[in-house]
Amino acid sequence: MKLNNEQKKFVEDLLGKMTLEEKVGQLNQESPSIVGGFDVPFEELIEMLTDGRISQEEFGRIMSNATRDYHEDDIRAGMVSSFLESDPRKINELQKIAVEETRLGIPLLIGFDVIHGLSSVYPIAIAEAGSFDDELMEKTARMAAKESRAHGVCWNFAPMLDVARDSRWGRVSEGPGEDPFLASRFARAKIRGLQNGSKKGEDYVAACTKHFVAYSACEAGRDYNTTSMSISQLYNVYLPPFRAAMEEGACSAMASFNDLNGVPCTVNPYTLRDILKGEFGLEGFVVSDANAIKECVTHGIAEDNMDAGIKALNAGLDIDMGTRIYYNHIAEAVKAGKVSMETLDEAVRRILSVKVWLGLFENPYVDEAVIAAYEESIPAEHRELCLKAAEESVVLLKNEDDILPLRKDKKFTLVGELADRADEVVGAWALGWKVEDCVCIKDGLKEAGAQFDYYPVCGPEGEINEEELKAAISSDSDIVIAVVGEYKSMSGEASSKADITLPGQQRKMLSELKAAGKTVIAVLMNGRPLALGWEAENIPAIIEGWHLGIQMGTAIAKVIFGEINPSGKLTSTFSSMNGQEPLYYNHPNTGRPGSKSKFTSKYLDAPVEPCFPFGYGLSYTSFEYSDLKLTETDSEIQASFTLKNTGKCDGTEVAQLYMQDVCATLVRPVKELKNYARISLAAGESRQVTLDLKKSDMGFYDNQGKYVFENGLFRIYVGGNSADVLMEEIRI
Ligand code: BGC
């Protein structure tokens, strides 16, 4: 985000005209409050939800029935800067008040959670990053930006960049997985896609990188829980995608709920001022997460709301999402000298700058004709892009005896409640879709011309329907496709789980089908890596389908029938058993790596190895890596190798380069991803491939947060996943 001199002057002139109250107003984000149909203020309703007095279902019911207060009077008084909304006509109404009825006519910044698409929902991030296709990731973000902007949303609360190593944490679904290098490439692609569209205001929005920072390191994988870590771990694992996003010019960041080493990130001047705004040079602003300023009182870091507001603003948190603490207390705090006018001005300047960069002063309204077209139908090219993204994100985990692909004329039985749930394909954080646009797996198979009988039998909750199971077993086809996994509500925010094996009776269903002599193909639909020890041992073919978005059913059918040769890879390690979590490939070495000996780092009752490693994914063809050679230049190491398609069909391989710093002043990971490329090869074709490793990427951050490169011995690995690799050593 860069402003020219004229734009900068515009911001300064505007700032010069603002009263104290108007400045405070620019720090306030509102969302529609629920009034009527309920007796308590909206804030209390939120508290009732968080302390369990009302259930999520009751909350949802109240939200959908109650009348809403859009705070028009506050907007008119210049006391609202930003609004959380996605209804385009309502947005036009609110903008009109802000632009035409306030003293200074400052437009509203309309923010919304468009995490993986608005109407055109594409795969959840943990899946899409597994395409290892940066161009695709950029294109889907551009599509989301275009749809958002058409609806009046100009600030997307994405990308979510939390590097996640613990699959118990429900929010693993929203981010690009466990690797900081892949997450950084994902971050760059997403910022380019969201922000670098044509500046005519049609297809770019302000990105909001989140959650800053280390939210995913929550102890025991429990959402919102405390985090503590060394500075080197913070810098090497959790900060890299945010640094990359800032280098691409990301406009904003959302502070995370958690405390980091004892200081909640909402009021943390070290992370917000020193690192994000100082070292990384964020030019836009920081927003709190929902209700988070108030929660600093519960954390026990502020005595009351005013104290929390003062601490947050002084720490560098510019916009208050949802608590009105800035609205209620900051003017008084400035008058009392507890927040300086410079601090307030700096926050307002950052927010106004983003509004100017977005072109909102020239063009604040939505074109209702464009909206009408969207309401009619999603653009065909958006459906196609959702399909391509879904196809590239599917991961083939197991395919014993080449069971897959199936011939279309081969009859099979389809089971699993999830197969027929079009409303479940979109994943946990999708808000603008219509069920008519979603293709469930059953319909995808039907449209592909498949011959099958369908029995739901069971889903992620509830009992097995014995009648249906009996019918599935006695059907004349010996192949059963079982769609199993998680409801979308089982991942995402506030959805941590202690048991990450297949939920409910689904494993029992698989086991009974197997015992009846059926050849079972499992298609997984889930938001987190599941512990798949039993399935990997007992089920001959497994497709990881994640929550692939509106085109899930079509993509899965194409994979099943071989019209698409799967090329997706895992962005997270999969455990065999629950107790292995957190399990990730790029762990530091111990002095006693797990082995057959008892006195090594392992479990007595579980393997130390993953069920499926990071970077893993099969194809209907096979690839062979050979002849790894390393060449050193002044600035990089070039790893050259031969990649051969040794199977019978064309395919695409994601070739991966890893390194290990064998001896350093801090214990380094056993492997670190440092480059990758998607390579398509015809059956039988081989190609000489070179992947570069920049020397400037071979160092690490020490415990002062300083980047160091230490000469010495390095191991360089290449392969199709993080475990099966060729290796060569080089001394630098
Ligand atoms: C989530 C954020 C989200 C915000 C606004 C919070 O509960 O943590 O990721 O952007 O709500 O909806």
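The values are calculated or read from the model by the stated rules, or taken from the named source; none is laboratory data. Remember, predicted model here, so these are calculated numbers, not experimental data. Cβ placement follows ideal geometry from the backbone for every residue including glycine, while neighbour counts extend to all protein chains displayed. Heads up: the accessible areas ignore ligands, DNA and RNA and are worked out on the full protein's heavy atoms, side chains in. Shrake-Rupley method; radii C 1.70, N 1.55, O 1.52, S 1.80 Å.
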For every helix of n ≥ 4 consecutive DSSP H residues, a contribution of -39,500 (n - 2.57) applies; sum these over the chain, divide by its total residues, and give [θ] at 222 nm rounded to the nearest 500 deg cm²/dmol. -8500 deg cm²/dmol
Neighbourhood net charge (15 Å Cβ-Cβ; Lys/Arg +1, Asp/Glu -1) for Leu272: -2
Extension reserve of the Ala498-Tyr603 stretch, reckoned as 0.36 nm per residue once the Cα distance is removed: 36.0 nm
Cut-off 14 Å between beta-carbons: net charge of the residues surrounding Asn399, Lys and Arg +1, Asp and Glu -1: -3
Peptides ranked, highest mean first, by Cβ atoms within 10 Å: ranges 628-634, 494-500: 494-500, 628-634
Taking just the C-alpha trace of the range 604-644, give me its Rg and Dmax in Å. 16.4, 48
Here the FRET efficiency for Arg273 versus Val370, based on Cβ atoms and R0 = 60 Å and rounded to 0.05, is 0.90
Which log10 I(q)/I(0) values, to two decimals, does the range 515-643 give at q = 0.18 Å⁻¹ under the Debye formula with one point per Cα? -1.14
Quick check: Cα centre of the range 564-597 to Cα centre of the range 648-689, how many Å? 17 Å
Using R₀ = 35 Å, calculate the FRET efficiency as 1/(1 + (r/R₀)^6) where r is the Cβ-Cβ separation of Ser489 and Ser640; round to 0.05. 0.15
In whole percent, the fraction of accessible protein surface over the chain that belongs to carbon or sulfur atoms, probe radius 1.4 Å, stands at 48 percent
Rounded to the nearest Å, what's the spacing between the alpha carbon centres of the range 9-72 and the range 393-408? Just the number, please. 49 Å
Summed over the other residues with a beta carbon less than 11 angstrom from that of Pro540, with K and R at +1 and D and E at -1, the charge totals -2
Accessible area (Å², per residue) of the chain, counting only protein heavy atoms and a probe of 1.4 Å: 37 Å²
At a Cα cut-off below 18 Å, give the lysines reachable from Lys335, other chains included and same-chain residues fewer than 8 away excluded. Lys23, Lys311
Along each principal axis of its Cα atoms, how long is the range 227-351 end to end? Whole angstroms, biggest number first, please. 40, 30, 23
Out of the trypsin sites (Lys or Arg not before Pro) in the range 639-672, which ones are loop residues according to DSSP with at most 13 other C-beta atoms within 10 Å? Lys648
Subtracting the Cα-Cα distance of Leu713 and Arg592 from 0.36 nm times their residue separation yields 41.5 nm
List the trypsin sites (Lys or Arg not before Pro) within the range 88-183 that fall in a DSSP loop (any state other than H, G, I, E or B) and whose Cβ has at most 12 other Cβ atoms within 10 Å. Arg103
Can you tell me the length gained on complete extension of the stretch Ser198 to Ala77, counting 0.36 nm per residue apart and subtracting the Cα distance? 40.2 nm
Could you give log10 I(q)/I(0) at q = 0.05, 0.06, 0.07 Å⁻¹ for the chain, computed by the Debye formula over C-alpha point scatterers of equal weight, without solvent? -0.25, -0.36, -0.49
Cα radius of gyration and Dmax for the range 269-426 (Å): 25.4, 79
For the range 175-295, convex hull of alpha carbons as volume per residue, Å³: 105 Å³
The distance between the Cα centres of the range 450-512 and the range 339-360, in whole Å, is 52 Å
Do you know the relative contact order of the range 260-366, to the nearest whole percent, from alpha carbon pairs under 8 angstrom that are 6+ apart? 28 percent
Which FRET efficiency value, to the nearest 0.05, is calculated for Ser696 and Asp627 with the Förster distance at 30 angstrom and r the Cβ-Cβ distance? 0.65
Between the Cα axis of helix 325-335 and the main Cα principal axis of the chain, the angle (0 to 90°, nearest 10) is 40 degrees
Expressed as an acute angle from 0 to 90° and rounded to the nearest 10, what is the orientation of the C-alpha long axis of helix 88-101 relative to the principal long axis of the chain? 20 degrees
